[in-house]
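Following: one structure in structure tokens, then a few remarks.
Just so you know, all these numbers are worked out from the coordinates, no wet-lab data involved. Bear in mind the structure is a predicted one, so any value in this text is a computation, not a measurement. Here Cβ is always computed from backbone atoms with ideal geometry, including for glycine, and neighbour counts include all displayed protein chains.
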2 protein chains.
Amino acid sequence: MTVSKAAAVDATKASRAARKEPAEVDADGAALQLGELSELLGYSLKRAQLRVFEDFLCCVAPLQLTPAQFSVLLLLDRNPGRNQTEIANTLGILRPNFVAMLDGLESRDLCARMRSTNDRRSHIVVLTDKGRAVLARAKKLVAAKHEARLNELLGPANRAALLAMLARIASEF
Amino acid sequence: MTVSKAAAVDATKASRAARKEPAEVDADGAALQLGELSELLGYSLKRAQLRVFEDFLCCVAPLQLTPAQFSVLLLLDRNPGRNQTEIANTLGILRPNFVAMLDGLESRDLCARMRSTNDRRSHIVVLTDKGRAVLARAKKLVAAKHEARLNELLGPANRAALLAMLARIASEF
DNA sequence: GGTATTTGATATGATTGATAACAATTATCG
DNA sequence: CGATAATTGTTATCAATCATATCAAATACC
């Protein structure tokens, strides 16, 4: 996936106009035929996912948050008092990889690790005030710019149906 | 994305039963609340995409093909006489990264590079007989095991609607 | 109490994605 | 024609993601 923190710095450069479309014609007159590729669910899934993440990155660029970072903040806000392993597991992030991720958020004072009093092995991860503020702003940006555009493209009913099917695939496939 | 060639070797290990579900309960009784995360289209999109690729890898494991490799073979079959740049561009692969990918396929005798007679800079990429045979077998596996299961999960109408929306997002968002 | 497990962390490797640069070839245009 | 620009495949290189093994501290289990 292309959701680098570096890319977040100038995510606007990835705006639709300047970007090179995958199947775009190349001054050559004949675009290639996707053929059965367009019937492959996985292919369209990946393409759509890349596009959506790209737009997310762009919309939240002022706050310098990647989708993964945003999901961590959301989860921390919703589930106070949890440790690193619980947060990471819920998001499908491996514990070793979650360490550096938390380091990044903590160095920006968006969250903090606190030793648990019950179990002094675990670090309870808490949102800081700044973290809550950034999350609130991010939510607004996502709702107003990102999800709103998707709603506009698909229509509310289709969007809901899409979401339901994706969730179904993720959990029942 | 986790579609490594190494993973393809033992993709079966990723079968549903043995895998650790992201939001699975951890012997601890309380699963975390996803909250607004479950309303984020990008989140479900990514989750579904990972799951679908995982299953694809598993279904095509006997042929040792990743989704990306399969897409290249499909494209070569459908668009004979094209050079590396055209194939790579269509799939959204950067030219430098496509070199190693082609090396892999060519070393397995699934395709071959031929110098173009018109433009001696370009390499026309052609499917070999073995490539065509592997592609044919892969198509059957994908249709019978992979796409069939998705059809079963969603139903044909929903599957078509999902595909249409994803394609819409990929191309118009 | 002694062993096994869990938690956070480090190190490390593999894979993917992106950019710069280069040689060979071709296109452009004065 | 001939110089310059552009294109093609390639290499090198870097950043980011993902995965595994391992470790010390703390806890759980018998």
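Calculate the mean, over all residues of peptide A:85-91, of how many other protein chain Cβ atoms lie within 10 angstrom of the residue's Cβ.
Values: counts 2, 5, 1, 1, 10, 10, 7.
Mean shielding count: 5.
Relative contact order for region B:16-164: 20 percent, from Cα pairs under 8 Å spaced at least 6 residues apart, divided by residue count. Mean per-residue shielding of peptide A:138-149 is 1, counting Cβ atoms of other chains within 10 Å of each Cβ. Shielding of peptide B:156-169 by partners, expressed as the average count of other chain Cβ atoms within 10 Å per residue Cβ, is 6.
What's the FRET efficiency of A:ARG132 with A:GLU172 using the Cβ-Cβ distance as r and R₀ = 25 Å, to the nearest 0.05? Let's see the in-between values first.
Details: r = 34 Å, r/R0 = 1.36.
With a Förster radius of 25 Å, E is 0.15.
Only Cα pairs under 8 Å and 6+ residues apart enter the sum, and on that basis the relative contact order of region B:67-132 stands at 36 percent. Filter the trypsin sites (Lys or Arg not before Pro) in region B:60-124 down to the DSSP loop ones having no more than 11 other Cβ atoms within 10 Å, then list what survives. Answer by residue number: B:ARG120, B:ARG121.
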